[in-house]
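Let me begin by presenting the structure, written as structure tokens, before commenting on it.
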Amino acid sequence: MNKLRLLSILEGTSLILLLLIAVPLKRIFEMPEAVSIIGPIHGGLFIAFTLVLIFAVFKWNLKVSHAIIGFIACLIPFGSYLFKAKILNKYES
């Protein structure tokens, strides 16, 4: 479960960096390099988070409803942080 907690923070941070730093740099300052660097990192973390979330349902007894909430939360800025704080921290390490 610790891996899922760590990935939730990393994925949430990458989404915030992408939305609040990389995209404005691309749109306002015409620096598409920022998105081309942070975008794939976020994509990889998103896929890893989703796979570990599925793994957690089968191996770590994470409730399916909590996994669905976690997936939806990772689509929303700061959602992964809330998912970790409100749901994942209730599970034992």
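Just so you know, all these numbers are worked out from the coordinates, no wet-lab data involved. Just so you know, these numbers come straight off a predicted model, no measurement behind them. Every residue, glycine among them, receives a Cβ derived from its backbone with ideal geometry; neighbour counts consider all protein chains shown.
Among the candidates Glu30, Glu92, single out the residue that is at positive phi and either in contact (Cβ under 8 Å) with a residue 60 or more places away in the chain or of a type in the set (D, E, K, R) (or both). Please lay out each step first, then the result.
On the way: Glu92 fails: at positive phi.
None of the other options fit; the residue is Glu30.
Mind counting the residues in the range 45-71 that are over 10 Å from the mean Cα position of the chain (by Cα), part of a helix (DSSP H, G or I) and either exposed (fewer than 12 other Cβ atoms within 10 Å of the Cβ) or not aromatic (Phe, Trp, Tyr) (or both)?
Initial filter on the range 45-71 (over 10 Å from the mean Cα position of the chain (by Cα)): 51-69.
The next check asks that each one be part of a helix (DSSP H, G or I); those that pass are 51-59, 64-69.
Still in the running and either exposed (fewer than 12 other Cβ atoms within 10 Å of the Cβ) or not aromatic (Phe, Trp, Tyr) (or both): 51-54, 56-59, 64-69.
Residues meeting the conditions: 14.
Find the residue count for the range 1-32, including only residues that are farther than 18 Å from Ala85 by Cα, touching a helix residue (DSSP H, G or I) at 6+ places or on another chain (Cβ under 6 Å) and acidic (Asp, Glu). Spell out the reasoning first.
Keep residues of the range 1-32 that are farther than 18 Å from Ala85 by Cα, which gives 17-32.
Applying the additional criterion that residues be touching a helix residue (DSSP H, G or I) at 6+ places or on another chain (Cβ under 6 Å) yields 17-18, 22, 25-26, 31-32.
The next check asks that each one be acidic (Asp, Glu); those that pass are none.
Count: 0.
Tell me which of these Ile16 doesn't satisfy, since it passes every other one: (1) crowded, with 18+ Cβ neighbours inside 10 Å; (2) touching a residue at least 40 places away in the same chain (Cβ under 8 Å).
(1)
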